[in-house]
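Only one structure is covered here, and it is reproduced in the block below.
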Amino acid sequence: MAEDANCRTTTGTQEFYPGESASETYDSTFHNSVAVPQGLYDGGFIPQGLAYWNNWDGTTEDVLLISAYHSSSDGASAIWGIALSGPRRGQSLGHMLIPNTHAGGIVVTGGHVYVSGEGSVKYWSTATVHAELAGSNTNNVIQPKGTQDIAGKGSFLGLGGGEGTTLWTGDFSETSHESMWQYSTSSSGALTYTGKKRWVPSKTQGMAVVGDKYIFSTSYGRDNRSNVWVRPTSYETDITDGTAFCMRAPSMMEGLAYGNSDGNEHVWALYESGAEPYVSDPTTLNKIKNIHWAGGAEMAGLYGLGD
């Protein structure tokens, strides 16, 4: 795609992830955060979506949730939790098994946890997810409170930003720009299309809203680097080189999440390259087992800088 040629590609010297530098800009903007739970990898799961959950247990502990599908075609998918702050920082909270889905995106909003895939969104109350992650991590598959068809494939999810509780869900395409659609949430968990539809770059795997900017992660293939895009939320036209900032990122970037943990606004990025079969494949460029973070204001401020 023409858009890829104009990303910041100058490589740097980095020490916080395996493999060659993706770009000097990425290496100076992102940093290591908590590790993806080893149990996720050992259990044969492939991480896809990432969500931030502020003060999940009524104290000061924040968590990140990962949605993951199983490498076997018929295995149950799962929601995994990781403590992000407090004395348990970095510790795995284990998993909650969910019905089989690609689990391309996950968000926490309006008292519910949403997971997308195959043209629908499944949702559970936050109370249910909390109880399962805080409990004994059984191998019981927890059925959703509800399942709702949505526009598009549900390849990714992201929080809507701004006022109210909304989320975005959109499509992945290897070759062309696609769309995402905004939905409002209700107290029951049901979704209502707001009428807002926006373009997304080709290969979009995750998105987040930071102030008045969209952040997109795009990737395809274990032997290709990813891209990170920053674009104003006011723009309704097609994605072009002139309306977005872009930088190269390590291979196989997936979901993004945004939130304020310990008073610091962060954008977190998830990679699937630490899972089998990618980590054992010599062609995988960057075999990353940690979540990465960047400052929220710093990410939003990249827009307007030259690619």
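Here are some notes:
- FRET efficiency estimate (nearest 0.05) - Cβ-Cβ, residue 31 to residue 234, R0 51 angstrom: 0.95
- Protein heavy-atom accessible surface, 1.4 Å probe, per residue over the chain: 38 Å².
- Shown is the FRET efficiency for residue 145 and residue 118, computed with R0 = 22 Å from the Cβ-Cβ distance and rounded to the nearest 0.05: 0.75.
- Percent RCO, i.e. relative contact order, over segment 1-83, from Cα pairs under 8 Å lying at least 6 residues apart: 19
- Shape category assigned to segment 265-307 from the gyration tensor of Cα positions, a/c cut at 1.5: oblate
- Residues whose amide H comes within less than 5 Å of that of residue 36, counting only those at least five positions distant or on another chain, are 290, 291 (H built at 1.01 Å from N in the peptide plane).
- The accessible-area ordering, largest first, of the residues 16, 216 stands as 16, 216, per a 1.4 angstrom probe.
- Inter-probe distance in nm under a simple model that places probes 7 Å from Cα toward Cβ, at residue 11 and residue 42: 3.4
- With every protein chain in place and a 1.4 angstrom probe, the accessible-area ranking of 156, 172, largest first, reads 172, 156.
- Separation between Cα centres of segment 240-261 and segment 122-146, rounded to whole Å: 30
- Over 30 Å (Cα to Cα) - which of 122/213; 203/289; 196/287; 153/289; 197/287 fall in this group: 196/287; 197/287
- The label-point distance for residue 54 and residue 197, in a model that sets each label 7 Å from Cα toward Cβ, rounds to 3.2 nm.
- Segment 137-288, accessible surface, carbon-and-sulfur percent (1.4 angstrom probe): 46
- 3J(HN,Hα) along segment 293-301, derived from phi through the Karplus expression 6.51 cos²θ - 1.76 cosθ + 1.60 where θ = phi - 60°, amounts to 9, 9, x, x, 5, 5, 5, 4, x Hz, with x in place of Gly and Pro.
- Between residue 220 and residue 91, the modelled labels are 4.2 nm apart [label points 7 Å from Cα along Cα→Cβ].
- In sequence order, segment 11-25 has phi-based couplings of 7, x, 10, 10, 9, 9, 8, x, x, 6, 4, 6, 6, 4, 5 Hz under the Karplus curve 6.51 cos²θ - 1.76 cosθ + 1.60, θ = phi - 60°, and Gly or Pro positions carry x.
- Reported label for calculated Rg/Rh (Cα atoms, Kirkwood Rh) given (1) 0.93; (2) 0.98; (3) 1.02: (1)
The values are calculated or read from the model by the stated rules, or taken from the named source; none is laboratory data. What you are looking at is a predicted structure, and each value in this text was computed from that prediction instead of being measured. With ideal geometry, Cβ positions are generated from the backbone for all residues, glycine too; neighbour counts draw on all protein chains shown. Just the protein is used for accessible areas: all its heavy atoms, side chains included, with ligands, DNA and RNA removed. Shrake-Rupley method; radii C 1.70, N 1.55, O 1.52, S 1.80 Å.
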